[in-house]
């Protein structure tokens, strides 16, 4: 039986580390990967009606920065934030890009994220159902490919300035296209479910450097046709927009003035998009 002092300690620990801007948790499904959360005060008073927002970091792994930038949004819009961490080199090879392409040898990053969500939902005692998903740069890689694999899980997705894009092109194999999608993911691409998701694309108007995103023969992720979507992130973002729209997906795009490749400077339009989705679905 807990003493009053023990009970107080447990309550303080919960408040300090498991609510608000939480500590960082290892994922029980695969402890190589971690996540943190923001749980607003409103959740414990009345969890009903809260939505989950997942924020996927890029190459810089700034997951706490994105989490903290969305805390106010979560607080005033009855949301819980989950921010995964997929560190560099989980296979010991120093590769920083594996999560962007969903599969890295035996790792399925989409399944790791779903396990994190299941674990967080169990710890909070609440099933959030469909969720909102945002990622920028390397995170933008991840989220639009996750969208193709699990559209039925999503209320909306915001795709921020991925360096490379997978188009809904049945003539090119994965990852530039989706010709062999069913073979790789063991299920067909569900276009009907994809058309039910609200999709937003965002990129800075002066995000024009190409040094980091041009694939060269012999590169780890080089594939024939992998540069066909355009030279810059703007061109590739727009090619993805047109590919989605051509397949009946409800996709819109913001090109943000005076912004280069800086995820923190596009968050206002991402929050506006998420708020519109929440208002439509609540």
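Below is a table of values for the structure above.
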{"item": "Segment 34-152 - Rg and Dmax from Cα coordinates, angstrom", "result": "14.2, 46"}
{"item": "Mean-position separation - Cα centroids, segment 106-148 and segment 222-243, in angstrom", "result": "24"}
{"item": "At 0.692 mPa s and 37 °C, Stokes D of segment 97-177 from Kirkwood alpha-carbon radius, µm² per second", "result": "245"}
{"item": "Size descriptor, Kirkwood hydrodynamic radius, that averages inverse alpha-carbon separations across segment 153-237, Å", "result": "14.2"}
{"item": "Spin-label pair residue 208/residue 235, simplified geometry with 7 Å Cα→Cβ offset, distance in nm", "result": "1.2"}
{"item": "Residues 108, 67, sorted so that the one with the fewest Cβ neighbours within 10 Å comes first", "result": "108, 67"}
{"item": "Fewest-first ranking of 173, 166, using other Cβ atoms within 10 Å as the exposure measure", "result": "173, 166"}
{"item": "Inter-site label distance for residue 28 and residue 105 at 7 Å from Cα along Cβ, in nm", "result": "2.6"}
{"item": "Cα-based Rg of segment 66-218 normalised by 2.2 N^0.38 Å, two decimals", "result": "1.08"}
{"item": "Segment 189-262: proportion of alpha-carbon pairs further apart than 17 angstrom, %", "result": "54"}
{"item": "Approximate spin-label separation residue 130-residue 189, in nm, with each point projected 7 Å along Cα-to-Cβ", "result": "2.0"}
{"item": "Descending principal axes extents, segment 141-282, alpha-carbon based, whole Å", "result": "46, 38, 22"}
{"item": "Fewest-first sequence of 22, 210, 232 by Cβ atoms within 10 Å of each Cβ", "result": "210, 232, 22"}
{"item": "Span from the segment 24-42 Cα centroid across to the segment 156-184 one, whole angstrom", "result": "28"}
{"item": "Mean projection area, nm², convex hull over Cα of the chain", "result": "15.8"}
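Values quoted throughout were computed directly from the atomic coordinates according to the rules given, and no laboratory measurement underlies them. Everything quoted here is computed from the prediction, not taken from an experiment. Counting neighbours? That spans all protein chains shown, and the Cβs are built from the backbone with ideal geometry, glycine included.
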